[in-house]
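Written below as structure tokens is the structure these notes are about.
Taken together, the values in this text are just the output of simple stated rules run on the coordinates, not laboratory data. No experiment lies behind these values; they were computed from the predicted model shown. Note: ideal-geometry Cβ built from the backbone for every residue, glycine included; neighbour counts use all protein chains shown.
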Amino acid sequence: MKLCKSTLGLLGAAQLAVATVAFAEESAAPGGPLDISNFSMTLWGTTEYMFRGISNSDGPAIQGSVDWTYNGFYLGIWGSNTEFSDEDIEIDYYGGYRWSWAGWGFDVAGLYYSFPGEDEEFDGLDPGPLADGVTADADYIEAQVLISKSFEAPLSPSVAVKYNFSPDFFGEDGTAHAVQGDVGIVAPLGFLGDVGFSATVGWQDVEGDQSSSTPSRPALGLFLPDGAPLDGFDYVWWRVGAYKEIGGFKFDVSYHMTDLSDDLETLYGSFPEPSDFRDLIEPHLVLTVSRSFSFP
């Protein structure tokens, strides 16, 4: 009986190994999920890493991503230097599904923002320790829904609306909502050829639980101009820009700004010390050069 069970176990393991190898070979074959042509890579060099109207790098940033797509599904990893972690690095993981219907594009995704090397000390703009000695985690997740459409008309106009939701935002700061709208055109400009122009307006709202709530961090002194304690924050941001592709490189010049709401003034004007990071919410003119690579 023991021999039979052992034999059956070995046969089962062998069958599983054969099936795994067959699946890998099939997946990596032309047209399969692991076909090299399903992978791509993009590199960016930018004078400022901007995220929803706020500088996250306080200076130049080098960024890169690797993406996999197959039958509408996609997975990717993206990294950049940032001021929002102890080790000055952010690595994001994402995945989702894209499809089109009636001329509209749809995209649903999940994103995980990670800040490797975080410790329990308060350093820069990382969440740091709370008033009661409990530390807040910098990592957080978001769900994202994107709807877009490109029109076959002069100047190739396009529109998009994006919504992001986090159940516990950066620094365990409670629920967060972000809504963003984009418009774009491509205009022929004589000797410059086709040049793209785009504009964005967005709104971010964060409940305020651990990191931006005065009751949880009274030592920061986060109080609004009217004397009320800061309890979360919300603000509006805008962006306008132009881009041009030359020799496989994309050159983008854009201007980013926020409404400098009382919430932002209070949070970035006193976090962690007066005016240390006030410039992060100021308007920024940003130059970005990127290049994407696909595999044959």
*What ranking of E282, E142 emerges when the number of other C-beta atoms within 10 Å of each C-beta is taken as an exposure proxy, fewest first?*
E282, E142
_Neighbour-count ranking [beta-carbon atoms within 10 angstrom, fewest first] of W101, W78_ = W101, W78
*If amide H atoms are built 1.01 Å from N in the plane of the peptide, which residues on other chains or at least 5 residues away come under 5 Å of the amide H of S211?*
D173
*Fewest Cβ neighbours within 10 Å first, please rank D226, D194 accordingly.*
D226, D194
